[in-house]
1. Say we look at the stretch 47-61 and pick out the residues that are among the small types (Gly, Ala, Ser) and part of a helix (DSSP H, G or I); which of these is farthest from HIS104 (Cα to Cα)?
2. Quick one: count up the residues across the stretch 271-291 that are open to solvent by 70 Å² or more (accessible area, probe 1.4 Å) and farther than 23 Å from LEU132 by Cα.
3. Could you please give the count of residues in the stretch 310-356 that are open to solvent by 50 Å² or more (accessible area, probe 1.4 Å), more than 17 Å from the chain's Cα centre (by Cα) and either more than 16 Å from the ligand (Cβ to nearest atom) or of a type in the set (A, V, I, L, M, F, W, C) (or both)?
4. Among the residues of the stretch 382-403, is there at least one that is open to solvent by 70 Å² or more (accessible area, probe 1.4 Å) and small (Gly, Ala, Ser)?
5. Look through LYS219, LYS283 and report the one residue that is touching a Lys or Arg at 6+ places or on another chain (Cβ under 8 Å) and basic (Lys, Arg).
6. Given the structure, is GLY153 more than 16 Å from the ligand (Cβ to nearest atom) and touching a residue at least 24 places away in the same chain (Cβ under 8 Å)?
7. List the number of the failed condition for VAL361; all other conditions in (1) touching a strand residue (DSSP E or B) at 6+ places or on another chain (Cβ under 6 Å); (2) open to solvent by less than 20 Å² (accessible area, probe 1.4 Å); (3) within 25 Å of ASN285 (Cα to Cα) hold.
8. Only residues that are open to solvent by 40 Å² or more (accessible area, probe 1.4 Å) and outside any helix (DSSP H, G or I): list them for the stretch 427-451, please.
Amino acid sequence: MAKTWSDRFEKSLHPVIAAFNASIGFDIELIEYDLTGSIAHARMLAKAGIISPTEGERLVSGLEQIRREYCQGDFQPGVEAEDIHFAVERRLTELVGDVGKKLHTGRSRNDQVGTDTRLYLRDQIHQIQGQLLDFQRALLTLAEANVETLIPGYTHLQRAQPLSLAHHLLAYREMAQRDWERLADVYRRVDISPLGCGALAGTTFPIDRHYSAELLGFKHIYANSLDGVSDRDWAIEFLCAASLIMVHLSRLAEEVILWASQEFGFVGLKDSCSTGSSIMPQKKNPDVPELVRGKTGRVFGHLQGMLVMMKALPLAYNKDLQEDKEGLFDSVKTLKGCLGAMTILLQEGLEFRPQRLLEAVNEDFSNATDVADYLAAKGVPFREAYNLVGKVVKTCLEQEKLLKDLSLADWQALHPAFSEDIYQAIAPRQVVAARNSYGGTGFDQVRSALALAQNHLQQLSSEL
Ligand code: ARG
């Protein structure tokens, strides 16, 4: 096996060590960005007069040639290349001759790999932000159709107060919007160029870091070369943001799983988004939300892995940093897969069951607060009203009745303030409609929240 580094080494690496050391198996993912970064570096070298313009052109055309070869499936570097950076440099020299050996002037693989990974993540963040908007769009479409669909609301997973289904869905759109913003914020710290930081201390060549950064569309450049080559905060921040997106998706996933169970029966899963069992013919399984719930752990794991890998790492580059990639790539893939699948599930996989939902909101005591509010509005101190309603609920439970089953005489025996309008006040539709405080589930609130969200989404989509 040919050795990749200087003549200081007399013997090649032991093949097992070579395989252990190599990252080409996974950093091939960076090839596009490695070529783009190298093209910018070559252009900068020529502009700064470090290589001649002709040499610069030959390097650029050789790198473009490698891009074409890769797209056609003709460039498949193996473990002997060690990593994507060596693989490209070696192929370049084969293609353009000795001038290829000038590409690495004034840079190191340390600033190179940092540049590539940031270019990769910038692209991925934009794609994920686009997916988050599609996800929001799907939530809004479903919400729009269900402003007046009622669904039990829970605290402690116990029936609490009924809700507009749209209100429930809009809660997830709020989370998705925060996720979008968090990614925009992370992007600002990914968008800094380490190119030209060299191995750790900068370089003796008169390079122009601003120029190469500008060619690569980086907004800023690292001010300190040591920091530039060893900073992975931005990757950790991305994994934090990714983990939170997974938290949100997993919560929705869990609710869909519950709702689709026979016990709840609030939603049916359409054939295109559910699977059967190999032995139980009656089953229809919620695999999509289950997988999303399951994959969440994997993204959390990558965050933890990266934090521990970085902890106590002395400056500047250490080979440990090669371990930043697989978890990052896997998190990106997992996240994109989950967002895509959940969006389709919302778009075409769920069939809410209006009849079952209506029964559900009518069969419980989730209107009990409204009885207390009713009395409080008539001047009874709330705590007193609350205790009284507690007693009524107890009696109803003993008699296997619901609040709506009490006669007007029953109500008036409890408190003289009750009159005929109590029935209207405790009807589930009214219970929901009445919660018209800002941000509440009242239909008017939900309609205006929906309109605001729609405008916001439209604005974000047009900015993309
Ligand atoms: N494959 C290496 C990585 O991913 C590239 C940087 C190698 N630098 C070095 N000094 N060995 O981190």
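The values are calculated or read from the model by the stated rules, or taken from the named source; none is laboratory data. If you're wondering where the values come from, they're calculated on a predicted model, not measured in any experiment. Glycine also receives a Cβ, built like all others from the backbone with ideal geometry; neighbour counts cover every protein chain displayed. When the accessible area is computed, the model is the full protein with side chains, heavy atoms only, and any ligands, DNA or RNA have been set aside. Shrake-Rupley method; radii C 1.70, N 1.55, O 1.52, S 1.80 Å.
1. SER61
2. 8
3. Selection size over the stretch 310-356: 10.
4. Looking for residues that are open to solvent by 70 Å² or more (accessible area, probe 1.4 Å) and small (Gly, Ala, Ser), one finds none in the stretch 382-403, hence no.
5. Values: LYS283 fails: touching a Lys or Arg at 6+ places or on another chain (Cβ under 8 Å).
It is LYS219.
6. In short, yes.
7. (3)
8. ALA434, ARG435, ASN436, SER437, TYR438, GLY439
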